[in-house]
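Have a look at this one before I ask anything.
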Amino acid sequence: MNEGKERKTCFIRRILIFIAILFLGIGIWRGEAGVVWIKAVNLCLECIGIG
């Protein structure tokens, strides 16, 4: 009985990981990784007080 629940949980985890990787790939393909990187750098520099 517990084995079926574990299989279902494992299946759901794999599907969610696949979807996450798919969305990451789509974001990188659209060039959004560069935008996120620039925003992260700007935020970091503002927190330090350099920017």
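Would you work out which of Ile17, Trp29, Asn2 lies farthest towards the positive end of the dipole of the chain? Charges go on Cβ: Lys and Arg +1, Asp and Glu -1.
About the Cα centre, the residue reaching furthest to the positive side is Asn2.
How much accessible area per residue does the chain have, in Å², with a 1.4 Å probe?
Heavy-atom accessible area per residue stands at 100 Å².
Between beta-carbons, use under 12 Å as the cut-off and find the net charge around Lys39, counting Lys and Arg +1, Asp and Glu -1.
For residues surrounding Lys39, the net value is -2.
Out of all Cα-Cα pairs in the chain, roughly what percent, to the nearest whole number, are more than 19 Å apart?
For the chain, the share of Cα pairs beyond 19 Å comes to 56 percent.
Let me ask something additional. At Glu6 and Phe23, where each label point lies 7 Å from the Cα along Cα→Cβ, what is the point-to-point distance in nanometres?
2.9
Quick one: with all protein chains in place, what share of the accessible area of the chain is carbon or sulfur, to the nearest percent (1.4 Å probe)?
Answer for the chain: carbon and sulfur cover 70 percent of the accessible area.
DSSP loop (so not H, G, I, E, B), at most 11 other Cβ within 10 Å: list which trypsin sites (Lys or Arg not before Pro) in the chain pass both filters.
Counting only loop positions with at most 11 other Cβ atoms within 10 Å, the trypsin sites (Lys or Arg not before Pro) in the chain are Arg30.
With the crude spin-label approximation of a point 7 Å out along Cα→Cβ, what separation in nm comes out for Lys39 versus Leu16?
Label-label distance for Lys39 and Leu16, simple model: 2.3 nm.
The values are calculated or read from the model by the stated rules, or taken from the named source; none is laboratory data. Nothing here was measured: the structure is a model prediction, and the numbers come from that model. Because the Cβ atoms are built from the backbone with ideal geometry, glycine has one as well, and the counts that use them run over all protein chains shown. We work out accessible area using only protein heavy atoms, side chains counted, and drop any ligands, DNA or RNA first. Shrake-Rupley method; radii C 1.70, N 1.55, O 1.52, S 1.80 Å.
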